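Participant: Here it is: the structure, laid out below.
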Amino acid sequence: MDTFALPLVNVAAAIWVGAIVFQSFFVAPVLFRQVTGADASRVLRALFPRFYWLGLGCGAAMLAGMLGAGLASRTDSSAVWLLSATVLMLLAEIASLLLVPRINAARDAGAAGAGRFQALHTLSVALTLLVLILGIAILVALARGMT
């Protein structure tokens, strides 16, 4: 990777991974302990779309850095893996962003939507976990010089 692309990919991946860790292990637990019911819901409804948009921005920056470094024209396994992992992260982020209104609607339905809320929330958490794992793997691969 050239001198501009490598830092762009690393910084974007680090921000994305850091945002997931911060949101999952700091913001959400504190929010649920300190804020009740409707107030917590209002904060989360404002937070999550921005969280997913941040991920999309980071993913786009990573992809731009990789493409700028010429990885799209390479056929070696490391280049294909890095591009594939980044595209998968972006797709998971888009799916999560599309889930937000459905999750909110299920929550708003109360008891009638509880099962649907749980299923959609679980899917959203799984997608975020996938993005986190792939992001960490990309950071490790880049640190080892896999380009």
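Participant: ³J(HN,Hα) across region 94-102 via Karplus (A = 6.51, B = -1.76, C = 1.60, θ = phi - 60°), whole Hz, x for Gly/Pro?
Facilitator: Listing the rounded values in order: 4, 4, 5, 4, 5, 6, 3, x, 5 Hz.
Participant: So what is the accessible area of the chain per residue, in Å², with the probe set to 1.4 Å?
Facilitator: With all protein chains present, the chain gives 54 Å² per residue.
Participant: Which order do VAL43, VAL9 take when ranked by solvent-accessible area (1.4 Å probe, heavy atoms of all protein chains), largest first?
Facilitator: Final ranking, largest accessible area leading: VAL43, VAL9.
Participant: May I pose another question? Rounded to a whole number, what is D in µm²/s for the chain from Stokes-Einstein with the Kirkwood radius over alpha-carbon pairs (10 °C, 1.306 mPa s)?
Facilitator: It diffuses with D of about 97 µm²/s by this estimate.
Participant: Something else now. Run the 1.4 Å probe and let me know the accessible area of VAL11, rounded to the nearest 10 Å².
Facilitator: Its heavy atoms expose roughly 80 Å² to the probe.
The values are calculated or read from the model by the stated rules, or taken from the named source; none is laboratory data. Note that the structure is predicted; figures quoted are calculated from it, not measured. These area figures cover heavy atoms from the full protein model, side chains too; ligands, DNA and RNA do not enter into them. Shrake-Rupley method; radii C 1.70, N 1.55, O 1.52, S 1.80 Å.
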